[in-house]
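Here is the structure we will look at.
Nothing in this text is a laboratory measurement; each read-out follows from the coordinates by a stated rule. This is a predicted model, so every value here is computed, not measured. Here the Cβ is made from the backbone with ideal geometry for all residues, glycine too, and neighbour counts use every protein chain on show.
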Amino acid sequence: MRILELHLLAFGPFTDLRLDFSAPAPALHVLYGPNEAGKSTALRAISGMLYGIPHLSPDDHLHRAPDLRVGARLESASGRTRTFIRRKGRVKTLLDEHQQPLDDGELRPFLGGVSEDLFDTMFGLDHQTLRHGAEALLAGRGDVGESLFGASLGGAALHQVLAELRAEAEKLYTPQARIKPVNDAIRALQDAQKRTRDAAVLPTTWEAHQRELAEVEATRDHVDVEAREVRAQEKRLQRAQRVLPLLEARRTLKASREALGDVVLLPEHATRDREDALTRASEADAARARLQRDLATLEAQREALSVPHSLVELSEEALDELGNRLGSHRKATVDLPRVRGELRALEDEVEEALRRLGRDPSLEAAQVPRLDVATEARIKKLAREHGQVETTLRSPSRMLAEQQQRRAQFATRQGELPPPSSVGPLRSAHGRAQRHGDLEQRLQEAEASARQLGGQAMALRERLGLLPARDVDDPLPTPATLAALPLPAPETVERFEAERAALAQQGVQLAKSAATARERLAVLGRDIDAMQRAGDVPTEGQLVDARLRRDHAFQTLMRAAGPTRKSGRAQASAHGSGATAGLFDASFNLTPPEETTKVHPEAYGELVKQADAVADRLRREAERVAQLARLLADRRSVDDELTRLGTEQQALTLRKAEHIEAWKALWADSGLDPRTPAEMRGWLTRHAALCHGVDRVREADERVDVLRRQRAALGDELRQALRTVGAAEIPEGPDTGALIEAAVQTLRARDELERDRSDLSRQLADLETEIRKLEREREAHEGARATFRDAWAAAIAQLGLGPQASPDEAIAILDQLAELHRKMDEAAHTRRRVLGMERDAQQLTASVTELTAAHAPDLEGFPVDTAADALLKRYRKGQADLREGEALARQMAEKRRELAEEEAKLADAEARLVRLRSAARAPDLDALEVAEARSRDARALDQRIREVEDKLLDAGEGRSIPTLTEETAGMERDALAVLLERAEERAKSLEEQRRQLDRQLGTLEAKREQLRNPVEDAAEAAAETAACVAKLRTQVDRYVRARLAAVLLEREIERYREQNQGPILGRASTLFQKLTRDTYAGLKASFDDEDKAVLRCVKRIGLRGEGSEGVGVTPPSTATELLPLPEDARAVALTKEIAVDGLSDGTRDQLYLALRLASLEHHARRGEPMPLVLDDILIHFDDDRARAALVALAELAGTMQILFFTHHARLLELARDAMPTGVLHEHRLG
């Protein structure tokens, strides 16, 4: 998108200002204006137009907020143009050129999905953002991924963001920490779980616990009673300790007050009144004496004055006039001889002037005409214009001939120009070519990227390892073929891996259980053998066998004796034997009945003894018997366990075989011979990377195809447009660069031709206008000359000259007449002056004689000037004495008034003193002072007594003073301190004992509650466990978000680096070399000590000739690389890699600018190019690097529109010097 025109209709200080940015690319637009010219306003206008004017806008100081309007004519990458207007408001702020509302969706295709924040950060750059970006490079220590990703996002502080995310995660949890939130939550959960387990423990005896609780409660009650008594005693002692000093002080003050006796209490200000009255009386007496002395002095001064009353009664104006006339008389007496001489000289000069004019020199007969001022001025004016009138007519005639000749020349040149032709299609094709940017470079970069990605895909295939089965002669499958293999989902592989792990775990567990059972069986066999070797152990089976033999023998004897009734004992014995026999199985070795058919009574008795002996041994060796029975039972159980384990192992083997078959069947469609699930899970990860690489290769191939089609279409369009305008040479071949250059040259030539044609037409029109104007002027001048000649002849006739007289002759006559008249006038003036001086002298003599006769007869006979001077002096002195006498009279009246006031003040002060003595019953002032002192002492003692009593009320906790006196009777302050210390110690001891008992009671009561309702305790513990789980879940969620955000950001940075490192870093390297004016050879990606990709700046540090060492340069051993120079240089440039933290601040700025410009150029080739708005980004660059940066911006202007704002005139001068013709476009603000 390009801004063809920005129209500030009503915005900030601007009204209807249009900025034209429609020049075809490459075009670098520099907007220059001094401070306060509106540069920042124009910057805000661009953002406001595209995304809306903010609600709180600083640009409504000239225009009302609802009236703010800014418009723009935009052009998209497809060549579509449209005009929009933005007003300030909340809804429907987008308008068309007719001020009709538009939907915001109409503007979105021009923005290319770029939001306002992204536009400000990605396509806006100022010197502060440039410096922050450089600081971010330094903070990231040149990490390639962070540097490229941060530059593409407009200087986002990625390193700081990553550090904050990691710090946030570490603040929440680290494995070894103990005080972090997650660790605390885990520990709290463990404690709650432990309390849950403890709640299930059975309580101890309730009665014992109740007895212990009752004993502790009784002890605590006894301690409470004693503590209350001790506290009451302590409180009494503390109160006594507080009030004893106050009572003593009260007694002392009372005694002092009683010692004063009966005292007249005077007002508190009595002393101040007395001192004030004394002061006033003293001051009034002193003032009275001073005023009396002043009156005497003034009276003496008035008596010394002398005033001539008859003289001073004259008016001041008359005496002033006399003084003035006296001065004039004295001056005239000196000047009169000289003035008479001047008169004689002037009369001689007048006679000489008359002779020169040819007139009678006699003064009495001289008749010289006098011209009035208007006539003389008219003659002089006509004389001045005489030459101009003659020459003015010649000038228009000459100029008219020249302009007619120029008109003929321009008409000839205009006829020689070729006819005009339309270049609109060519200009449109060229504009679209410029918007596409450098297609050749983009195509080369896309092809290189496709080749690089193809190589990466092949490398990923090699890293894959396992491939589908194929014949020996078959080629390796392509990455695309491998990417298309039908493979199971990773979740399925994880399920098989989990099943295989479970089967393996079951097999290990069964084997472990079987081994344990066999070991147990061996131990049991050894234990049974050991017991049997230690002696025969009777068994229940042996006892049953013995009793069966005995019973059979008894039955045989009974049959031999005849049929008899069985005794109860025999029946019981038989019944018992049968019952006992039923308890054992037939495995015991019983003697058959046939062996007892021949039984003697002695043999029967022996069998009875044997059965009894077995029963006795069973009783005596019951422990050995039970142990053997237990061992035999355990051996049977272990045998059964081994049988069961064998069965399970067979079933497990079958399940493993089925699992392996299912695993192979899962991969059958892919043609792969699968390995273990764990290995195949890693293989799937590598295969996913291969698929991603194949997708990127496919995208790169599609980009190459698109760019090739764009290049072909653009080439065809440019060739057709060049043929249409009749271009002389049309380049062939796929390269669009030559076609664009041919289009630029053709457009420039046609534009120059049209400018020449327009200039010639404009100049011919101007000449026609000028020729018509000159013709009218020539006619006017000819009429004016005839009129002038008539006026000239009439004017000089008054001087006695003919019409042919020259202006010089007329001026000479006028000058001579003027001189003659001046001298005649001066002589007449001098003559009148002499007469006046003589008349003034006579009048002064008469006036002085009259005044001396009336007011100063003693001055008669003195010269006029002497007598007049004496009269003036006597008058002035008399006036001064008169004024002084009047002033003295006024002063004496004022002094008498002040004297009366001071006498009144003295009387008032003495009356006040009399009243004060009367109030104090004091006969004199000394007694008054004593009375005042006694009154002060009495008042002070009364006040202190009241203060002490107030303190007693506070200290005594409201008790009356008699009560406190009675309560403290017989107490001593020293003994009180000892008693109070003992009481405090006892109170502390009892308080500590009570706290211990309270803690013991709390523990016992808590335990009683646990014993009373353990189910509730368990529920509370479970609820606490649930709360701990919830808290832990919250903290873990925060930890997971922070940790996952950091991991995702790191992966996205790495992905961006993998995709864009090649094209962006290559272009940034070229720009960095230009910006540093070859101080640095470029950029390269290297690896640091942590095997992380970082940026290195390759700096040129010297030259080395072939076969020889460079002199004064870094030896080759310290240089990281040798860069070859051109073949004719016969030398190699030594370079050194510099880390980002080794660069100066200015060079880091240039490094960030190179990365930023390369990223923007890369983005412009992939999507909708947006205008790049730069705000004084070069103020920290020196002139050379600023010029280089401007050249780089001019190159970038071929790909995207660049608006460069500045208020530095020097940058504008550098741009003019550095830019080729037609690239720089200046716009002035303010």
One finds, for D998 and T174 with R0 = 45 angstrom and r their Cβ-Cβ distance, a FRET efficiency to the nearest 0.05 of 0.65
C-alpha center-to-center spacing [segment 1026-1040, segment 1171-1230] in angstrom: 56
Environment charge at D20 (Cβ cut-off 15 Å; Lys +1, Arg +1, Asp -1, Glu -1): 0
Amide proton proximity set for L4, modelled H, under 5 Å, gap of 5+: R73, L74, E75
Quick check: Cα centre of segment 740-797 to Cα centre of segment 808-854, how many Å? 64
Residues R80, R1185 arranged by fewest to most Cβ contacts within 10 Å: R80, R1185
How large are Rg and Dmax for segment 13-79 when calculated on the C-alpha trace, in angstrom? 13.6, 39
Between T845 and R344, how high is the FRET efficiency from 1/(1 + (r/R0)^6) when r is the Cβ-Cβ distance and R₀ = 35 Å? Nearest 0.05. 0.80
Taking 749-755, 688-694, 1173-1179 and ranking on average Cβ neighbours within 10 Å, highest first, one gets 1173-1179, 688-694, 749-755
Cβ neighbours within 10 Å, averaged per peptide: list 829-840, 407-418 in order, most packed at the top. 829-840, 407-418
Students often check this: by mean Cβ neighbours within 10 Å, which of 251-262, 67-78 ranks highest, and how do the rest follow? 67-78, 251-262
Cα centroid of segment 959-996 to Cα centroid of segment 23-53, whole Å: 88
